[in-house]
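Accompanying notes for the structure given below.
The values are calculated or read from the model by the stated rules, or taken from the named source; none is laboratory data. All values reported here derive from a predicted model rather than from experimental measurement. We place every Cβ from the backbone using ideal geometry, glycine too, and count neighbours over all the protein chains shown.
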Amino acid sequence: MEMKNREAIIETYKLAKAKYEKWGIDTDKVLEDIEKVAISIHCWQGDDVRGFENPEGSLTGGIQATGSYPGAARNPEELRADIDKVLTMIPGKHRLNLHAIYAETNGQKVERNELKPEHFKNWVEWAKERGLGLDFNPSCFSHELSADGLTLSHPDKKVRDFWIEHCKASRKISEYFGKELGTASVTNVWIPDGYKDIPVDRLAPRKRLQESLDEIFKEEINPAYHLDAVECKLFGIGSESYVVGSHEFYMGYALKNNKLLTLDAGHFHPTEVISDKISSVLNFSDELLLHVSRPVRWDSDHVVLLTDELRNIAEEIVRGNFIDRVHIGLDFFDASINRIAAWAIGTRNMIKAMLIAMLEPSDYLKDVEANGDYTTRLALLEEFKTYPSGAIWDYYCLTKEVAVGEEWLEEVQNYEKEVLSKR
């Protein structure tokens, strides 16, 4: 960046800093705090959730990646290279979220219930070199034993046992991540189980799921290395009428068994938002996992935008002093646009939302609200929407030596020309 532009960003930051100081907000301290917020970036944006087990196979389990933009990663090396490129555009130190289908088995067929830490050794070494944490997910979809849409709740015990063993293996892989990288790995259990049409017996599948989960979590693992999470859903493709792992089921299970509840932004009614659920759940649970996505009429996992709801999610985390209790993961995949750009847009927006929330005089606003002065509350909330948070963001990017403003787009375009277009 030219010296003239750098000086302009610094000067603009000083002006913005002075404006925020009027409300007792120390922007230098905010920038120290935002750097501690680690976003778990999902690996599956880079290859449309194909994984390495059967890259040519079709997705099942209510998952769809639409579009055919050229340049998808075809192997572990390409995927890691793409993620490396994304990390150069994102300020701060973050995490990577892996699915079990991203195991590296050296060309050998290894069933999912037989996966071991050694199949993720390359990911761990890669993460160590970059100072990143890793999170994990069993992959209970796109498999011959999930073809009928049932896994851990399947009436056939042999099928249930296969997926139980897979989830147990996933927990040991997660523990390995935590031990090797010095930061607890969050492993999230999501299953596609449900029915397209109305079932007669809603109870029996849920009883089977409960028993399966009890068996999966039977072995205690040190939370310094590994944390368990369970993810609910309202409906999916092929499970439009009934989902075994509903919100009520998993909320009850998580609270009773001291597991993290996972709230996915796309897993509820179109008018229902997860921002409103955060403070409710954390009244009764120590920690919480978020999957931040953007649903468009359904759980379509669009790239995260800086919407009101994204800002509301961040505001709830900051206002409630929940930063150390909420694990923020991303979950979107768009194959209709440049995949590197999708990662950059979504991740930068999540960090921006957290930064904007930290620049709010929340303590003052809480006092105003407690005194019943709703006029001042509304007026200030609206005024702060146009406060110069963008100047703080640009300065943060500058100090972290990542692209400022839209400069990252040129980097993506060059990478597409030099790397992606040749795949």
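Against the test of being buried (at least 20 other Cβ atoms within 10 Å of the Cβ), touching a residue at least 12 places away in the same chain (Cβ under 8 Å) and part of a loop (DSSP other than H, G, I, E, B), the options Pro55, Pro91, Pro70 yield a single qualifying residue, Pro91. Exactly one residue out of Asp201, Asp193 is acidic (Asp, Glu) and within 22 Å of Leu263 (Cα to Cα), and it is Asp193.
Listed here are the residues, each with its yes/no results for (1) among the basic types (Lys, Arg); (2) closer than 22 Å to Asp264 by Cα; (3) in contact with a Ser or Thr (Cβ under 7 Å, 6 or more places away or on another chain); (4) surrounded by 18 or more Cβ atoms within 10 Å (Cβ to Cβ).
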{"site": "Ile173", "(1), (2), (3), (4)": "no, no, no, yes"}
{"site": "Ala184", "(1), (2), (3), (4)": "no, yes, no, yes"}
{"site": "Val189", "(1), (2), (3), (4)": "no, yes, no, yes"}
{"site": "Ile198", "(1), (2), (3), (4)": "no, no, yes, no"}
{"site": "Arg202", "(1), (2), (3), (4)": "yes, no, no, no"}
{"site": "Arg208", "(1), (2), (3), (4)": "yes, no, yes, yes"}
{"site": "Glu219", "(1), (2), (3), (4)": "no, no, no, no"}
{"site": "Cys232", "(1), (2), (3), (4)": "no, yes, yes, yes"}
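Can you name the residue in the range 304-349 that is touching a Ser or Thr at 6+ places or on another chain (Cβ under 6 Å) and within 16 Å of Asp135 (Cβ to Cβ) and is also surrounded by the most Cβ atoms within 10 Å (Cβ to Cβ) among such residues? If we take residues in the range 304-349 being touching a Ser or Thr at 6+ places or on another chain (Cβ under 6 Å) and within 16 Å of Asp135 (Cβ to Cβ), then Asp331 is surrounded by the most Cβ atoms within 10 Å (Cβ to Cβ).
When Gln108 is tested against (1) among the polar types (S, T, N, Q); (2) free of Cβ contacts under 8 Å to residues at least 60 places away in the same chain; (3) under 28 Å from Ile41 (Cβ atoms), only condition (3) is not met. Among the candidates Ser139, Ser170, the residue that is assigned to a helix (DSSP H, G or I), in contact (Cβ under 8 Å) with a residue 12 or more places away in the chain and touching a strand residue (DSSP E or B) at 6+ places or on another chain (Cβ under 8 Å) is uniquely Ser170.
None of Leu305, Leu263 is at pLDDT 95 or above, of a type outside the set (Gly, Ala, Ser) and in a strand (DSSP E or B) except Leu263. Only one of the listed residues (Asn188, Asn222) is part of a loop (DSSP other than H, G, I, E, B) and within 29 Å of Gly133 (Cβ to Cβ). That residue is Asn222. Take the range 142-167 and flag every residue that is part of a helix (DSSP H, G or I) and over 30 Å from Ile39 (Cβ atoms). Correct list: Glu144, Leu145, Lys157, Lys158, Val159, Arg160, Asp161, Phe162, Ile164, Glu165. The criterion of at least 2 residues that are under 23 Å from Val304 (Cα atoms), touching a residue at least 12 places away in the same chain (Cβ under 8 Å) and in contact with a strand residue (DSSP E or B) (Cβ under 9 Å, 6 or more places away or on another chain) is met by the following helices (runs of 4 or more DSSP H) wholly inside the range 321-395: 339-358. Mind checking whether some residue in the range 41-49 is closer than 30 Å to Tyr195 by Cα, hydrophobic (A, V, I, L, M, F, W, C) and not in a helix (DSSP H, G or I)? Yes, that holds for at least one residue. Reported count of residues in the range 240-260, each being touching a Lys or Arg at 6+ places or on another chain (Cβ under 7 Å) and in a strand (DSSP E or B), is 2.
Among residues that are at pLDDT below 95 and either hydroxyl-bearing (Ser, Thr, Tyr) or over 20 Å from Leu289 (Cβ atoms) (or both), Gly107 is included.
Applying the condition of being more than 18 Å from the chain's Cα centre (by Cα) and surrounded by fewer than 19 Cβ atoms within 10 Å (Cβ to Cβ) to the range 58-67 and asking which residue is farthest from Pro295 (Cα to Cα) yields Ser58.
Consider the range 94-123 and keep the residues that are outside any loop (DSSP other than H, G, I, E, B) and of a type in the set (Lys, Arg). The one that is nearest to Met354 (Cα to Cα) is Arg95.
Rundown of residues vs (1) within 18 Å of Lys17 (Cα to Cα); (2) among the aromatic types (Phe, Trp, Tyr); (3) under 29 Å from the mean Cα position of the chain (by Cα), yes/no style:
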residue	(1), (2), (3)
Asp363	no, no, yes
Asp373	no, no, no
Arg377	no, no, no
Glu383	yes, no, no
Tyr387	yes, yes, yes
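Of the residues Leu213, Leu227, only one is more than 20 Å from Phe332 (Cβ to Cβ) and assigned to a strand (DSSP E or B); which?
Leu227
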